[in-house]
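As structure tokens, the structure follows; a few thoughts come after it.
Throughout, read-outs are computed from the coordinates displayed, never taken from laboratory work. From a predicted model like this one, the values you see are computed outputs, not experimental measurements. Note that we place each Cβ from the backbone using ideal geometry, even for glycine, and neighbour counts take in every protein chain shown.
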Amino acid sequence: MTDSGGDSLDQDELVILVHGTFAGDKDGNDEGPRWWQRGSDTWRWLENNLPAGVSLPHSGRLFHWSGANTQSARLSASMELLALLVDLERKGRPYHLVGHSHGGSVIWEALLTSHVLRRGGTLAAHLYHPLVRRGVVTGDASGTEVTGSRFLAKRYREVRQELELGRLRSWTTIGTPFLCHLPQGGLLATGWREGEFSLADAVSPRDVKAPRWTMLLMLVYMLLVFFPSMVLSLAFSWFELSWIIRLVWLLLAAAGLKYAFRVATRGELAHALMIRARLARSAFARFHSRWLGLYAATDEAISGLRTLCPPDAPGYSQFFVPAAQREVPRKPAGVWPRVPTLLRLNAPLKDIALAPQASMGYGYYYPGSTPTDGAYGLINKWLMPSVNAALAKRLLRTGQGCDVPYTDLVHVSTWPLPLDGGATGLPDRVNKALETNAMAHAGLLGLEIRQMIARAAMNGNRLTGVVSGRQPQISTKALVHTSYFDDQDVLRMIRHHIATSSQTCRTEAAGADAASDVREWIAAARERVAGEATQGGGRSLPR
């Protein structure tokens, strides 16, 4: 996927740029106008202003991922990124990470995964394969794709030191909505809405392994139910039962097997999500000193995703209260607004107000017919609300990017943990400049669209052809979320954080790379993060 480590300036600390959702290049180009591509305005600014001893990758592949708005895509990208970091660790190359939007989520998921794997003492299959492609670990000599627990534990020992990520100098996130996913719960799986759900317990290496009861459940069902049912249902003569009864018996056994698989999958997924959530605090305490989070108070992506979170989600600190001490209200504090009936079935028209008069048909279409209206009325009353609710739920999860089954997006935060605490993600002056710039470009965008419509009308062209042939060039600047890199102060803050975190240019970092108020703000932000991380490692957490 990437080969950023193959740079000719192999003595410099490397800066890796990670783009966000919908910001990838579908053709996989390393050069282009996007902020993370070679030749872009942001790339050229960083290339000319990065401190001595720090550089962008001038050769080799840049880091690419699909940019899809799904949690599964972000998790897959984090595994690829972690494989790249392990490769750089193996080569002895220090590095800095800069991620925009969900690119910051990809970075955090990679760091969290490294922490989880170190605690468990094993690799994950989705990390093992990228490591093999990079030549960091040796593949299975047999060429098979089987990656059992012993096999992955053995391969983990080959990269145990690299998973420390000791050469990570800094990581910067810009406009990143950090997502907290927790299990829904169900049969044999505890969910976040349940009173016994708690993240308070410590995590041992044994806890990181998949729960054994899932395999036991499948084995018991296969031996005691499925195989006996199959044998009996296929027997030529079994208590004189007809083939229809035997077929129904077999279908029920197969359906039960599918349900058992679902129960086991839900249990393993809930366990994995709980382990990650429980280890997130210690992971943040481990990496917080190298993090700088920049985000505007009016960032549209962060604000929009927050509105899609459940209104009855408890405070983050409540999850770390032991289950026996939790006070869970009987009724949720808030509920989703009732979904309006957007879809309805319309009965066939009986007549229409036309002159001359026209008939819409005969028979049950004649005026005054009630059976048809009654049938459609019953469908709209009893069936369509459920259809609309299911559609609304699917649209909600699509907007959240939550495509992992049996999982809910519970919190959206500007910090890797939901510990905002009212902290401001940019100096007031920079915040106002970003908002003013976005508003100005939003007005220009409206003017440009109006001019496009006017030109189409005067030339007698269809508007669809004009729009498809010429997209507005300033559309990305009309949003705060997509205009961070147009602000010089934001770029200087990124550069300043890299410089002060680098081991080769710390003395130079005190220069005039950022305004004095910005440098003071960064220093205060680091102190605030350190305080939150220290408190987050204890028992009490702020909301």
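Most exposed first by the Cβ proxy, i.e. fewest other Cβ within 10 Å, how do M493, M215 rank?
On the way: M493 27, M215 12.
Final ranking by Cβ density, sparse to dense: M215, M493.
Just want the ordering: Y156, Y295, Y259, from fewest to most Cβ atoms lying within 10 Å of their own Cβ.
Arranged by neighbour count, lowest to highest, Y156, Y295, Y259 become Y259, Y156, Y295.
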- Taking H placed 1.01 Å from N in the peptide plane, check which residues at least 5 places from Y295 or on another chain put their amide H under 5 Å from its amide H. G175, G425, L426
- Task: Fewest Cβ neighbours within 10 Å first, please rank D517, D12 accordingly.
- Result: D517, D12
- Long-range HN-HN contacts of L97 with modeled amide H, under 5 Å: I16, S170, W171, T172
- Out of residues 5 or more away from V54 or on other chains, whose amide H comes under 5 Å of its own, with H placed 1.01 Å from N in the peptide plane? E13
- Message: Please list, in order along the stretch 201-210, the HN-Hα scalar couplings obtained from phi with the Karplus expression 6.51 cos²θ - 1.76 cosθ + 1.60 (θ = phi - 60°), rounded to whole Hz, x for Gly and Pro.
- Response: 6, 6, 10, 9, x, 5, 5, 5, 5, 4
